[in-house]
Structure formats: C-alpha cells, structure tokens
Amino acid sequence: MITHSEFDVEFVSRGLESMPLTILVVDDDLGTRLSISDFLELSGYSVIAADDGEQALTMVESYHPDLIVTDIVMPRMNGYELVRRVRQQPMFRLLPVILLTARTKTQERILGYQSGCDLYLPKPFELDELAAAIRNLLERSKIIQSEYRMQQSEELYDSNQHTQLEKPQEKYQLFEPLSKREQEVLLLISEGLSNAEMGDKIHLSPRTIEKYVSSLFRKTGTNNRAQLVRFAIKHGLVE
C-alpha cells in the first residue's frame with residue numbers, strides 16, 4: 001500500500017512534471033496575438049488568448065493563468081485597467097504581469113508600474129527576449145505563489161475542521177461543487193495519469209483536460225496536482 005508521502009513522490013515524477021504552465025496573452029491585434037501565442041506554445045507553455053481587457057478578466061477568473069502578457073491600448077478595457085482589476089482580487093495579487101506597448105514615455109511606464117505590472121516591455125521586442133522575461137518572472141513567483149496558496153488551503157481546512165466533526169453533512173460544502181466531468185478528471189489525477197493519458201481514457205483533448213484541471217485548482221484553492229490530491233484525500237473526494 002502506498003502512503004500519502006510515497007504517493008506524492010511518485011505522482012510528482014509522473015504527472016506534475018508534464019503539466020505546462022498557462023499563460024494568458026491579451027492583444028487586440030490578431031497578428032501579434034497569434035505570433036506570441038504560437039511562440040510560447042512551441043516553448044512548452046499552455047496558452048489562452050483574449051482580444052481585449054474585459055474578455056481577459058473573465059479568463060483570468062475562469063482559468064487562473066500562471067502569467068499574463070498584455071497590450072495596453074485595447075477596446076472596452078485597456079491594459080492598465082485590466083491589471084488594476086486583477087490586482088483588486090486577493091488571489092491574483094501575486095500573478096506576474098508583463099505589459100507590452102509601443103508607448104515609451106517615462107510617465108506611461110510609471111502608469112504601468114503603478115497599475116501593478118511586474119515588467120514593462122516596449123514594442124518592438126524580440127520573442128526570445130519576451131520568453132526570457134517570462135521564465136524569470138515565473139521562477140521568481142513559483143515558490144511564493146505555491147506557499148501562499150498552500151497556506152490558504154490549509155487555513156480553510158483548519159478553520160472548518162471543528163465544524164466538520166460536529167456536522168458531517170457539511171463536509172462537502174467547503175468549496176464550490178464539482179461537475180461530473182471534474183470528478184472524473186480528479187479521480188484520474190489521483191491515479192497519477194498525465195493529461196494525454198486522461199484524454200485517451202475519457203476521450204477528450206489534452207487542452208480540454210487542462211481546462212478541467214485549472215477549474216479544479218480554482219475550486220479547491222490549490223496550486224499544483226500534488227496539493228490538489230492531498231486536498232481531495234482530506235475531503236473524501238478520492239480514496
């Protein structure tokens with residue numbers, strides 16, 4: 001029988017290493033958006049895209065990307081406002097954001113940093129430079145975000161533990177209910193399957209599987225698959 005600690009080690013070696021980080025690319029220019037998205041996908045990232053700030057804000061809340069690359073001048077909601085709105089939500093205060101723009105005046109760069117961006121990259125830029133900036137920001141934020149979300153998850157569990165003992169019927173009301181498909185994906189994750197293996201088993205594309213995984217992270221307040229499985233075991237979602 002595998003203990004929880006042994007399971008974590010085995011699980012990380014199989015599933016977690018193969019899971020790509022998700023980057024949200026926001027730009028109203030289709031050519032720029034596709035160019036950046038294609039380059040990042042070839043670099044091994046999972047990419048989601050939006051053509052304006054309002055759509056991007058919705059995608060942030062739905063998919064919890066690991067980093068945002070956004071233009072500033074866009075219809076409906078510009079990049080400054082997008083970053084401000086993202087930073088207003090506690091769970092996204094540590095989310096790395098890169099602003100891309102042809103505006104190079106000092107005051108405009110100051111506005112970018114005041115809105116909460118981590119890096120201001122003027123156009124034109126080399127895609128290799130953007131990739132290097134993304135790697136740097138992700139490396140810096142990975143440990144901080146992991147510890148932050150793990151602490152949130154543990155605090156949520158601890159604060160409700162006494163209530164669970166007194167009222168067992170409320171055991172499954174600590175988080176947003178899971179859909180039937182999410183429950184299927186969670187079970188397969190607990191078995192250590194990769195996205196491709198899960199997709200083959202339930203006849204979905206790896207990209208669709210990734211969206212379900214992101215939704216599970218959002219609903220459980222976890223940051224990676226090992227944390228998700230520990231959360232699921234604690235709350236009786238898997239055995």
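For (1) crowded, with 16+ Cβ neighbours inside 10 Å; (2) in a loop (DSSP other than H, G, I, E, B), each residue gets a yes or a no:
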{"residue": "176", "(1), (2)": "no, yes"}
{"residue": "193", "(1), (2)": "yes, yes"}
{"residue": "215", "(1), (2)": "yes, no"}
{"residue": "229", "(1), (2)": "yes, no"}
{"residue": "233", "(1), (2)": "no, no"}
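Among residues of region 25-44 that are in the same structural domain as residue 56 (by TED's automatic domain parsing), those with a Cβ under 7 angstrom from a residue that is surrounded by 16 or more Cβ atoms within 10 Å (Cβ to Cβ) and of a type in the set (Lys, Arg), sequence gap 6+ or separate chain, pair up as 25/33; 27/33.
If you filter region 44-91 down to residues that are buried (at least 21 other Cβ atoms within 10 Å of the Cβ) and small (Gly, Ala, Ser), you find that the one that is nearest to residue 128 (Cα to Cα) is 46.
In the set (1) among the hydrophobic types (A, V, I, L, M, F, W, C); (2) surrounded by fewer than 20 Cβ atoms within 10 Å (Cβ to Cβ); (3) at pLDDT 90 or above, residue 12 fails one condition alone, (3). Out of 94, 130, 121, one residue alone is more than 14 Å from the chain's Cα centre (by Cα), free of Cβ contacts under 8 Å to residues at least 60 places away in the same chain and surrounded by 13 or more Cβ atoms within 10 Å (Cβ to Cβ). It is 121.
The values are calculated or read from the model by the stated rules, or taken from the named source; none is laboratory data. From a predicted model like this one, the values you see are computed outputs, not experimental measurements. Note that we place each Cβ from the backbone using ideal geometry, even for glycine, and neighbour counts take in every protein chain shown.
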